[in-house]
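Trainee: My structure is below; once you've seen it, I'll send some questions.
Just so it is clear, none of the values below were taken in a lab; they were calculated from the coordinates. Owing to the predicted nature of the structure, the values given are computational and were not obtained by experimental measurement. For neighbour counting, all protein chains shown are included, and Cβ atoms are generated from backbone atoms with ideal geometry for every residue, glycine included.
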């Protein structure tokens, strides 16, 4: 086999690996268990594909890129992402993507586009393509591989609904759900290897329409018997192929996983997509007869599973088996609890969380506000986490996710609008719109196309992506399908003309089996391979650095700062260009310095004092470099506030610098209640009692149930009531205001708050 064939094999098998590995891969010792690892596998396989393509071009003497109908919209979309990155408020994030996921950054977008052109330029075209014949077998292989991968994902996730999670067994050796937090339980909503119920639903939503199309095609090919039912003719298959049984079983598993995910957007997407698929098939092929594989059959299958398992929609659940069983055997009413004199809490989060729809509307409002100030290119690719907080609606503070860091708009279209502007969203929609236009036009012109149903399956799968993206955002595997589904469809529709190839240089001869490579070709090919290996090695180094960071960060969270220190140092040493690693290390250094300086033995140890001083200086210097390089990242400013505040325990002068830092953070997030709270507290501790009261009053206006803000406000009201010496009451009205805050906490927020009770008792005595 010549080298060109080897390159083709490497490219083809790498694509197979993409579709089977990325949905499955996860790791328990990285900062993000799922998406981070999937993105890294995608990067690694993308490097392999690109290197093999370049080596193939060197050997053949020319670079060939297959022209496709989407060249212009894809080119415009790539240009929009580049321009948005150039004008970004945080270039590092725009290039790499938001840390831990990385999907959506400029590099990942380039990867997806490279995969698109690598597929149509190498996999779809046969090696000796004299007749311009497209390699449909590669598309069929990828579809089957996708279903096999989906089968594994489904089988992996299904037991978790019943309390037996394979992931927990993999991580801890216990076949239960104990490895997950209480608010992240697969027994309630499964997520399998995708990491989140909505992501699992989106993935299953892509596969289900394609699966249905394959089932119908296989049943259609095996028709042989005819059954007359009055005026209706029902065609029956004479023999069902084993592969058809496989498709039917996988469909049942996919739909079960979809229901158990509890994703309303996912189920809605699948139902609408399947309806589109079946209606489209009816208009193309099914007007005269009703066949076994008609809408009646498919809807019957869905109805059976919905009746057996249930749906997340309350108004439909009463018609399911579980709903009817409950109606026939209603539970006995519980004994009526004694009514409490305490008023109901105003914060819905205290009762189990604010409705997700309400939260989404607030986030979408913030996204639109961010776009209004950056209409053309947006705030920068993947910078929503920083841009949103400048435009965050004040109503966000009244939700259960009031202090949650949103790094996506939870609407892919608004996310592009906010971060990439009209240029980004417009070019993104152009890809979608033009693909649908070309596909539907071709189908309407060729109604007898034997692959028409498969094309409808591709279109329906893309519809599920659009719907789930409207209520969420794409993950790695979803984005890969988004860019490659058009390639699949174009191949089946023969909309890719293999004569239209961009070639550089145009007149260079093709390499043959007997063609001997020149020294330049050998050296160039070897250089490409070495560069590819170097890039993969750097991916591994980054991944290993992330593991160290994740371990150190987890130790920091539980207070083991000394033990975390070497891991964070290792992460920074391996990946010094990642600001998040240095940010975490700077906090760790400040805490360690404060612990040493506050130790009673510090006076007897010059070495310890020097070590503490060095750690303190390193923390301040590192934090200063970070906020200087990334001035629009309010998270880093919050870290800087924390560093100064921590060091102020041993050096009160640091409070002034903490105050300056928190004001910078507030300018970036003016409606963030926690930052306003920190501002008020630090102002009070620096002696500005009036400023503290002003900002804490503003804080509780933003968030009336903010316990810590009300408690601090009560303390400062009390302090305001006394003279400078703190001995004589000069204004009792402030004492009453202090009592009001404590009473509010006990009556509206936490009736069992011991600290507040003690504070109120002390105030009552005055």
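Trainee: Highest mean first, how do 207-219, 549-561 rank when packing is the count of other Cβ atoms within 10 Å averaged over residues?
Mentor: 207-219, 549-561
Trainee: Over segment 672-766, what relative contact order in percent results from Cα pairs under 8 Å that are six or more residues apart?
Mentor: Relative CO of segment 672-766 lands at 20 percent.
Trainee: Between residue 358 and residue 729, 0.36 nm times their residue separation minus their Cα-Cα distance comes to what?
Mentor: Roughly 128.9 nm would be gained on extension.
Trainee: Quote the FRET efficiency, to the nearest 0.05, computed for residue 440 versus residue 501 with a Förster distance R0 of 30 Å and r equal to the Cβ-Cβ distance.
Mentor: 0.70
Trainee: I've got another one for you. Take the Cα radius of gyration of segment 367-410 and divide it by 2.2 N^0.38 Å, with N its residue count; two decimals is plenty.
Mentor: Normalised Cα radius of gyration, segment 367-410: 1.15.
Trainee: Could you list 7, 168 in order of exposure, starting from the residue whose Cβ has the fewest other Cβ atoms within 10 Å?
Mentor: The order, fewest Cβ neighbours first, is 168, 7.
Trainee: Can you compute the FRET efficiency between residue 690 and residue 272 using 1/(1 + (r/R0)^6), with r the Cβ-Cβ distance and R0 = 60 Å? Round to the nearest 0.05.
Mentor: 0.55
Trainee: So how do 140, 372, 570 line up by other beta-carbon neighbours within 10 Å, fewest first?
Mentor: Going from sparsest to densest Cβ surroundings: 372, 140, 570.
Trainee: Label segment 672-766 by shape, choosing from rounded, prolate and oblate, from the square roots a ≥ b ≥ c of the eigenvalues of the Cα gyration tensor; if a/c is under 1.5 it is rounded, and otherwise prolate applies when a/b is larger than b/c, oblate when it is not.
Mentor: oblate
Trainee: Relative contact order of segment 577-669, please, whole-number percent, based on alpha carbon pairs below 8 angstrom and at least 6 residues apart.
Mentor: 30 percent
Trainee: If you don't mind, another one. Plugging the Kirkwood radius over Cα pairs into Stokes-Einstein for segment 577-669, at a temperature of 20 °C and a viscosity of 1.002 mPa s, what D comes out in µm²/s?
Mentor: Value of D from the Cα-based Kirkwood radius: 161 µm²/s.
Trainee: Can I ask one more? Report, in whole Å, the centroid distance computed from the Cα atoms of segment 411-452 and segment 635-691.
Mentor: 48 Å
Trainee: Now, a different point. Got a sec? How would 464, 754, 50 order by Cβ neighbour count within 10 Å, fewest to most?
Mentor: 754, 50, 464
Trainee: At what distance in nm do the modelled label points of residue 422 and residue 764 sit from each other, each positioned 7 Å from its Cα along Cα→Cβ?
Mentor: Here the answer is 6.4 nm between the modelled labels.
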